[in-house]
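S.K.: Following this message is one structure expressed as structure tokens.
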Amino acid sequence: MGATGFGLAVRVLLERDGELRALSAALHESLDGSGATVLVGGEAGSGKSTVAAHFLGTAPCRVLRSGCDGATTAAPLGPLVDVASELAVDVPAGADAPIDRIRLFAAVRAALATEPTVWLVEDLHWADAATLDLVRYLARRGESWPVLLVVTFRDDEVGTGHPTRVLLGELATVRGVRRIGVPPLSRAAVAELARGCGVDIDALCDRTGGNAFYVTEVLAAAEEAVPATVRDAVLARAARLSRAAGDMLAAAAVIGSRAEIDVLAEVSGQPPVALDECLAAGMLLEDGGVVRFRHELAREAVVSSVLPGRRQLLHRAAHDALRRWGVGDERRLAQHAAGAGDGPNVIVHAPLAAARAAALGAHREAAEHYRAALRWGHLLTLADRADLLERLSYECYVTGQLPEAFEVRGAELALRRDDGDELGTGSALRWLSRLSWLRLRNADAERYAQDAVETLERLPEGPELAMAYSNLAQLRMLAEDVDGAQHWGNRAVELARRLGDVDTEVHALNNIGTALLRAGDEHGATLLQQSLDSAVTHGMDEHAARAYTNLGGIQIGRRRYAVGEGFLRAGIDYCADRDLDRSLSYMRGILASVLLETGRWAEAKAVAQDAATQSAPEVSRVTALVVLGRLEIRTGGAPASAAEAWRVAEPSGEPQRLLVTAAALAEAAWTRDDPADVRRRVDEVWSLALERGNPWDVGELLWWLRHVDDVRSPERPVAEPFALMVAGNAAAAAAAWDAIGNPFWAALARAGSDDPADLRAATSSLEALGAATTLAAVRLDLRRRGAPVPRGPRATSRANPAGLTEREMEVLQALAEDMSNAEIAARFVLSERTVDHHVSAVLRKLQEPNRRRAVATARRAGIIGPA
């Protein structure tokens, strides 16, 4: 280890007491049965692994060590494979049959829970998708087992959109999950590490930034001058080796993070003594017949020093040695074939590696393997190349890489046509329709859908044609064309049943049921429930998620909030159990809308923010962005999210997205007292509203027009509450909104009254919701009408730090008496729904999640007296 010797390795734990205490605390909780997950982040070389290793050395329980491989395309479930034998868990090795990941993950959890355990998973930033799913699964279910999951990752390599960054965001609010950062060392710590080395401490700090690995490697090199980079430090140590040991080290670096000793000997062509020299120098470590580098950065530095020609020869030797020694890892074989420039072997191994990765749910890694094979596509027939493109497009589709999925599917279509493959052509066209819709390019989706049907109808009937019919039914349903959805959906169902194609039948029943239920035909609910039941029975997770989404979304669209929310929450639980995150995002956006409508604005904001991330497909983001926009508009923010929703939704031409987005922007214009912009926003979608708008969206647009003295007759049904508001029947409209359970619109309805009591109730409700901007706009309208303008918050409201109104103070005192909503309603002669709104306002103003904590906070602040 150079001049500093063993003491250097010991002193690297300087300034890591806090991290070790946090890990120990998490371990104690886990040993008590309250499992935990600790995410240990830091830049490459910050000392995460050293901290973890030191901690594991003191753990009084079973310890499992594993890591993700950065040398090749990530191995599907690599960390699980590392510990599978210790857990007695069988990880399927082939891709011939579907792998039930839910059952596999449940088996892992059960095996871990048999005894107190710490499981270390290193370098999560290199993890495959299946490993990320496993970590997500375990972390979300880690509260009641004696297991501590410790995960390290490089936080400087997981930028926005990186799968690991997405996972970190998803786990941020999960109970039992915590983050630990491993920061750079201070100057004092660097000086302590370098004590006795005779180096310039300031220069060392400048060059290394306090990175623990950089510092220790530079000092271990024992050079008088500080190397410019860690690469120089590592290579300076390697240069001291004999030529044979240097060849052994280069071969180990090219083979990867782990190299079997027999394979390494063959690839390097050097005797065992050369390996002994590498081990003695501390450049390599040996563990049960496998050798690895002490640090992955060191391996990367050595690989970068190997000249391209020699590197290619080593890759070829590694490929041949792995095959000869029976290491049947298609992933590694594919990687070495690619490194060797061996196209014929790449196109043999890469598709097999991709199939295994996909079977385990590692879809991003599967896509990488297909891309590698396609680089040698000129060696394949047109049909084989088209098949690879088809598979790559699907892997991109399931991972949300929609632009690439579309581009690749287009390339496949061209090859199918060149090869005269009409069946493949029709299937590719149908997929292009689906991908176009997901990107909100609805005109393209329609065109591709028609082309697919016309192409496939020229061939003998098959499942491809049935799904093409169902795809058209889905597009017609989305366009509010009930007759078209029924026509194409029934054709799909009839053909699917003749063919025994359950997949298409379930898909088509969903489309027909959704179209009918949207149109008010309750038979649609029966068909949707039938689709859901069949999907669950046959394990068709995506179809089940879609059924839950449509059942919930339609009921919410009809303002049947409780029923719709029930379907949504059941669907969210279903998808969370199966880690169907794309469907989760879509349903959370709809859930955010019902939370907004029912006055639970703080929760609506949190859910919408989670659903509106840039990584979500465009079709999933619009609803969440509209919710965020409405909240910004009503509470005092700029309508940035609503404007973004319009930008994303506009290419779709779909009324379900455009009308509600335009209404949000019209609302923003009203709060700004900009009548011209109100009219402009409505006019942008008025023709669409007249043609295909639903009663609720048309009604809201009419309401905003009323504020600019624009009276129109849409000749379409208008939802009753909006019709009453537009007609000036404020009392009846408010009662209708109260019955529905929408406090915001009930307040706006009352604001149209001339009764001072109604006006006081309207402003009080808007105050309780926190709708400051809306309240200001209402007061401006009242002054213009010459109506009495209720005062702002009363003295009793201003007198307490939380700004509670007099009524809210009364409700808070009742909560302190542990009264139920029904008891509070009886005391103050209010409806239970009104009490619920007051309770929500109290919790929001006190910034507490439940009644008990709100009362405790109010007592600490002196708002109410002690118990």
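The values are calculated or read from the model by the stated rules, or taken from the named source; none is laboratory data. Remember, it's a predicted structure, so these values are computed and weren't measured experimentally. All Cβ positions, even for glycine, are placed from backbone atoms using ideal geometry, and neighbour counts span all protein chains on display. These accessible areas exclude ligands, DNA and RNA; they are computed on the full protein's heavy atoms, side chains included. Shrake-Rupley method; radii C 1.70, N 1.55, O 1.52, S 1.80 Å.
S.K.: Report yes if Thr526 is under 30 Å from Glu700 (Cα atoms), without any contact (Cβ under 8 Å) to a residue 60 or more places away in the chain and either open to solvent by less than 10 Å² (accessible area, probe 1.4 Å) or in a helix (DSSP H, G or I) (or both), otherwise no.
M.R.: Numbers: under 30 Å from Glu700 (Cα atoms): yes; without any contact (Cβ under 8 Å) to a residue 60 or more places away in the chain: yes; either open to solvent by less than 10 Å² (accessible area, probe 1.4 Å) or in a helix (DSSP H, G or I) (or both): yes.
Taking the combined requirement at face value, the residue satisfies it.
S.K.: Of the residues that make up the stretch 773-788, is at least one open to solvent by 40 Å² or more (accessible area, probe 1.4 Å), in contact with a Leu (Cβ under 9 Å, 6 or more places away or on another chain), over 27 Å from Val563 (Cβ atoms) and not aromatic (Phe, Trp, Tyr)? Steps first, answer last, please.
M.R.: Applying the first criterion (open to solvent by 40 Å² or more (accessible area, probe 1.4 Å)) to the stretch 773-788 yields 776, 779-780, 783-786, 788.
After this cut, where a residue has to be in contact with a Leu (Cβ under 9 Å, 6 or more places away or on another chain) as well, the list is 788.
Okay, now just the ones that are also over 27 Å from Val563 (Cβ atoms), so 788.
Checking which are not aromatic (Phe, Trp, Tyr) leaves us with 788.
Yes; the residues of the stretch 773-788 include at least one that is open to solvent by 40 Å² or more (accessible area, probe 1.4 Å), in contact with a Leu (Cβ under 9 Å, 6 or more places away or on another chain), over 27 Å from Val563 (Cβ atoms) and not aromatic (Phe, Trp, Tyr).
S.K.: Give me a count of the residues in the stretch 397-420 that are charged (D, E, K, R) and open to solvent by less than 20 Å² (accessible area, probe 1.4 Å).
M.R.: First pass over the stretch 397-420, keeping only residues charged (D, E, K, R): 404, 407, 409, 412, 416-419.
After this cut, where a residue has to be open to solvent by less than 20 Å² (accessible area, probe 1.4 Å) as well, the list is 409, 412, 416.
So the answer is 3.
S.K.: Looking at (1) buried (at least 24 other Cβ atoms within 10 Å of the Cβ); (2) not in a helix (DSSP H, G or I), can you tell me which one Thr613 breaks?
M.R.: Among (1) buried (at least 24 other Cβ atoms within 10 Å of the Cβ); (2) not in a helix (DSSP H, G or I), Thr613 violates only (1).
S.K.: Tell me which residues, restricted to the stretch 130-144, are in contact (Cβ under 8 Å) with a residue 60 or more places away in the chain, under 22 Å from Val91 (Cβ atoms) and either open to solvent by 40 Å² or more (accessible area, probe 1.4 Å) or part of a loop (DSSP other than H, G, I, E, B) (or both).
M.R.: Arg140, Gly142 - these are the residues of the stretch 130-144 that are in contact (Cβ under 8 Å) with a residue 60 or more places away in the chain, under 22 Å from Val91 (Cβ atoms) and either open to solvent by 40 Å² or more (accessible area, probe 1.4 Å) or part of a loop (DSSP other than H, G, I, E, B) (or both).
S.K.: Right, next: Is there any pair with a first residue in the stretch 439-461 that is farther than 22 Å from Leu499 by Cβ and open to solvent by less than 60 Å² (accessible area, probe 1.4 Å) and a second that is outside any loop (DSSP other than H, G, I, E, B) and acidic (Asp, Glu) whose Cβ atoms are under 9 Å apart and which are 6 or more apart or on different chains, and what are they?
M.R.: Qualifying pairs under 9 Å: Arg439/Glu618; Leu440/Glu618; Leu440/Glu650.
S.K.: A follow-up question, please. Does any residue of the stretch 584-605 turn out to be among the basic types (Lys, Arg), within 27 Å of His363 (Cβ to Cβ) and either in contact (Cβ under 8 Å) with a residue 12 or more places away in the chain or crowded, with 19+ Cβ neighbours inside 10 Å (or both)?
M.R.: Initial filter on the stretch 584-605 (among the basic types (Lys, Arg)): 588, 600, 605.
Checking the rest, the ones that are also within 27 Å of His363 (Cβ to Cβ) come to 588.
Applying the additional criterion that residues be either in contact (Cβ under 8 Å) with a residue 12 or more places away in the chain or crowded, with 19+ Cβ neighbours inside 10 Å (or both) yields 588.
Yes, the stretch 584-605 has at least one match.
S.K.: Among the numbered criteria (1) open to solvent by less than 30 Å² (accessible area, probe 1.4 Å); (2) more than 35 Å from the chain's Cα centre (by Cα); (3) not hydroxyl-bearing (Ser, Thr, Tyr), which one does Glu720 miss?
M.R.: Answer for Glu720: the failing condition is (1).
S.K.: Got a sec? Which helices (runs of 4 or more DSSP H) wholly within the stretch 775-867 have at least 3 residues that are closer than 30 Å to Asp673 by Cα and at pLDDT below 80? Spell out the reasoning first.
M.R.: On the way: elements: 795-798, 806-816, 821-828, 832-846, 851-860.
By residue number, 795-798, 832-846.
S.K.: Pairs under 7 Å by beta carbon, first residue without any contact (Cβ under 8 Å) to a residue 60 or more places away in the chain in the stretch 559-574, partner open to solvent by 40 Å² or more (accessible area, probe 1.4 Å) and assigned to a helix (DSSP H, G or I), six or more apart or different chains?
M.R.: Every condition considered, the pairs that remain are Ile572/Arg588.
S.K.: Wholly within the stretch 664-753, which helices (runs of 4 or more DSSP H) include no fewer than the required count, namely at least 1 residues that are touching a residue at least 40 places away in the same chain (Cβ under 8 Å) and aromatic (Phe, Trp, Tyr)? Steps first, please.
M.R.: Values: elements: 675-692, 695-706, 720-726, 730-740, 743-751.
Helices (runs of 4 or more DSSP H) meeting the threshold: 695-706, 743-751.
S.K.: Here's another thing I want to ask about it. Provide a single number: the residues in the stretch 681-715 that are open to solvent by 50 Å² or more (accessible area, probe 1.4 Å) and under 14 Å from Pro639 (Cβ atoms).
M.R.: 0
S.K.: Determine, yes or no, whether Leu472 is free of Cβ contacts under 8 Å to residues at least 40 places away in the same chain, open to solvent by less than 10 Å² (accessible area, probe 1.4 Å) and within 33 Å of the chain's Cα centre (by Cα).
M.R.: Working: free of Cβ contacts under 8 Å to residues at least 40 places away in the same chain: yes; open to solvent by less than 10 Å² (accessible area, probe 1.4 Å): yes; within 33 Å of the chain's Cα centre (by Cα): yes.
Here the answer is yes, as Leu472 does meet what is asked.
S.K.: Tally time: how many residues in the stretch 180-202 are open to solvent by 40 Å² or more (accessible area, probe 1.4 Å) and within 30 Å of Ala26 (Cα to Cα)?
M.R.: Looking only at that region, the number is 7.
S.K.: Limited to the stretch 102-129, what total is found for residues that are buried (at least 19 other Cβ atoms within 10 Å of the Cβ), part of a helix (DSSP H, G or I) and touching an Asp or Glu at 6+ places or on another chain (Cβ under 8 Å)?
M.R.: Number of matching residues: 4.
S.K.: When the residues of the stretch 481-514 are filtered to those that are at negative phi and not in a helix (DSSP H, G or I), which remaining residue is surrounded by the most Cβ atoms within 10 Å (Cβ to Cβ)?
M.R.: First pass over the stretch 481-514, keeping only residues at negative phi: 481-499, 501-514.
Next cut, not in a helix (DSSP H, G or I) only: 481, 501.
On the way: Asp481: 16, Asp501: 22.
Among those that are at negative phi and not in a helix (DSSP H, G or I), it is Asp501.
S.K.: Exactly one condition in (1) open to solvent by less than 60 Å² (accessible area, probe 1.4 Å); (2) of a type outside the set (Phe, Trp, Tyr); (3) within 30 Å of Asn729 (Cα to Cα) is not met by Asp755; state its number.
M.R.: Every listed condition holds for Asp755 apart from (1).
S.K.: Out of the stretch 45-63, which residues are buried (at least 20 other Cβ atoms within 10 Å of the Cβ) and under 24 Å from Gly256 (Cβ atoms)? Reasoning before the result, please.
M.R.: Start the filter on the stretch 45-63 by keeping residues that are buried (at least 20 other Cβ atoms within 10 Å of the Cβ), which leaves 45-49, 51-52, 55.
Matches in the stretch 45-63: Gly45, Ser46, Gly47, Lys48, Ser49, Ala52.
S.K.: Taking Ala251 as the residue in question, decide whether it is at pLDDT 90 or above, surrounded by 18 or more Cβ atoms within 10 Å (Cβ to Cβ) and of a type in the set (Gly, Ala, Ser).
M.R.: Numbers: at pLDDT 90 or above: yes; surrounded by 18 or more Cβ atoms within 10 Å (Cβ to Cβ): yes; of a type in the set (Gly, Ala, Ser): yes.
For Ala251, the condition - at pLDDT 90 or above, surrounded by 18 or more Cβ atoms within 10 Å (Cβ to Cβ) and of a type in the set (Gly, Ala, Ser) - is met.
S.K.: Take the stretch 412-447 and flag every residue that is part of a loop (DSSP other than H, G, I, E, B) and acidic (Asp, Glu).
M.R.: We begin by selecting, within the stretch 412-447, every residue part of a loop (DSSP other than H, G, I, E, B); these are 419-421, 439-441.
Residues satisfying the conditions are Asp419, Asp421.
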